[in-house]
1. Would you please give the residues with an amide H less than 5 Å from that of I284, counting only those at least 5 places away or on a separate chain, with H modeled from the backbone geometry?
2. Can you say what percent of the DSSP beta bridges in segment 7-398, counting only those with both residues inside, are antiparallel? Round to 5.
3. Once you put a point 7 Å from the Cα of A351 and another 7 Å from the Cα of S265, both along the Cβ direction, what distance in nm separates them?
4. Tell me which residues come under 5 Å, amide H to amide H, from I298 once H is placed; ignore anything under 5 positions away on its chain.
5. Sorting check: for 181-193, 282-294, which peptide has the highest mean count of neighbouring beta carbons within 10 Å, and how do the rest follow?
6. Suppose every Lys and Arg Cβ carries +1 and every Asp and Glu Cβ carries -1, with no other charges. What dipole size does the chain come out with about its Cα centre, to the nearest 20 debye?
7. Want the number for H68 to V375: 0.36 nm per residue separation, take away the alpha-carbon distance, what's left?
8. Rounded to the nearest 500 deg cm²/dmol, what is the calculated helix-only ellipticity per residue at 222 nm for the chain, with -39500 (n - 2.57) per DSSP H run of length n ≥ 4?
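Read-outs throughout are calculated quantities, based only on the coordinates presented, and are distinct from any laboratory measurement. Treat the numbers as computed from the prediction; the structure is a model and nothing was measured. Here the Cβ is made from the backbone with ideal geometry for all residues, glycine too, and neighbour counts use every protein chain on show.
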Amino acid sequence: MTDDSRFILDPATADLHGDNERLREAGPLVPVTAEGVRAWAATDYATLMTVLTHPDMSRELHHWADRHTLPPGTAIDRIVTDTSMLNAEGERHRRLRMPLTAAFSQRRLNGLRPRIEELTARLIDRLAELPADAPVDLRLEFAYPLPREVISELIGIPAAHQDDLHRLSDAIAQVGGLEDSPALRRELRELLDEIIEERRGTPGEDLITDLFELHEKDGGRLSEDELFATIELLFIAGHVTTVNLITNAIRVLLSEPDQLELLRSGRCPYSAAVEETLRWDSPIAYFPMRYAVRDVEIDGVRLRGGEPVLACFASAGRDPGQYEQADVFDITRPQVTHLAFGHGPHFCLGAPLARLEGEIALRALFGAFPAMKPVALPDELPPLDTLLGNSTRTMPVILGPRAR
């Protein structure tokens, strides 16, 4: 804590959950500095729920009184200036979100399941071809390519562009050798714009086609800028957080053999491991911003109109005021709610898809490699260098022989 009693949030912290414990001890709403931005942090479950649903809290940037002080090129800058449904409210949010609901419907997911299983099986076969006694990075070789391939197909990314697009999204997911940067983000946007223009004349069974049809037949329901921003959001948000979910689940299950045995024996479903991972080790650490539309009091703290609030999702998942033995990973705990996908009108559209991918991936991986073991202890793995994501840059394991 600095002299002005503000916590400095370190994007590269090696102890995210320790940082969050100290934040919760400081109160439900804590003054912080994140990437040079002064904000409040909603640290516990109940407070975060209030911030996510309060009618006097908004995601619309114009409510932020000090938005002119935002340092350019940061993770916060990329999120809060996004022009898609991410930062829309009210009727505009409903207008932008409505066209996407069918894409993530249960019917569409049921149709996707066989394809997700096929892609997973292909990745397992590729892993089985590697030396059984040599380290392999499961974040790079398994947790990342599965959701990337799924979202590419769902959106309708042409095969000719997938290598270039994947090279750029590698950096966003923090795999491979490229580093995320403003220049890389511009290159990604230019490539997505090129893909969208090419797809105008080649309709298919995918999201880009669905959005084009809406844009053209419904009196411009989506403007050109909104169309591009929506597709960019879906591609990035549609796979990066799922990479973290699968990586985090692999990491904790390999360090908790009793929990893993409950899954392998069939006494607990793999869906329980997905939900407990989402609670205990949220794929998102902190997410910007909600702004006070007017002066408002939340949990005894007076927010002035225009002040920003950071959502602490990973902290809320380990709030001892909400969960018994909150720090313990336990897939047998009674079903509990969590906020890993948000809440209210901005609840993550892709939550059912992420859950499905996580369940399929974990069942296939741990069924295929019963002798798999980690190369390093969980706290020895390098963390992501980002304020937003919560995971590790690598997940090295020794696979061992494939099950017969």
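1. Here the answer is N390, since their amide H atoms fall under 5 Å of that of I284.
2. On the way: 22 of 28 bridges.
Here the share of antiparallel DSSP bridges comes out near 80 percent.
3. Between A351 and S265, the simple spin-label model gives 3.1 nm.
4. Amide H to amide H, under 5 Å and 5 or more residues apart or across chains, I298 pairs with L303.
5. Working: 181-193: 14.5, 282-294: 24.2.
Per-residue Cβ counts within 10 Å, averaged per peptide and sorted highest first, yield 282-294, 181-193.
6. Charge dipole of the chain: 880 debye, to the nearest 20.
7. Contour length minus Cα-Cα distance gives 105.9 nm.
8. The helix-only estimate for the chain comes to -14500 deg cm²/dmol at 222 nm.
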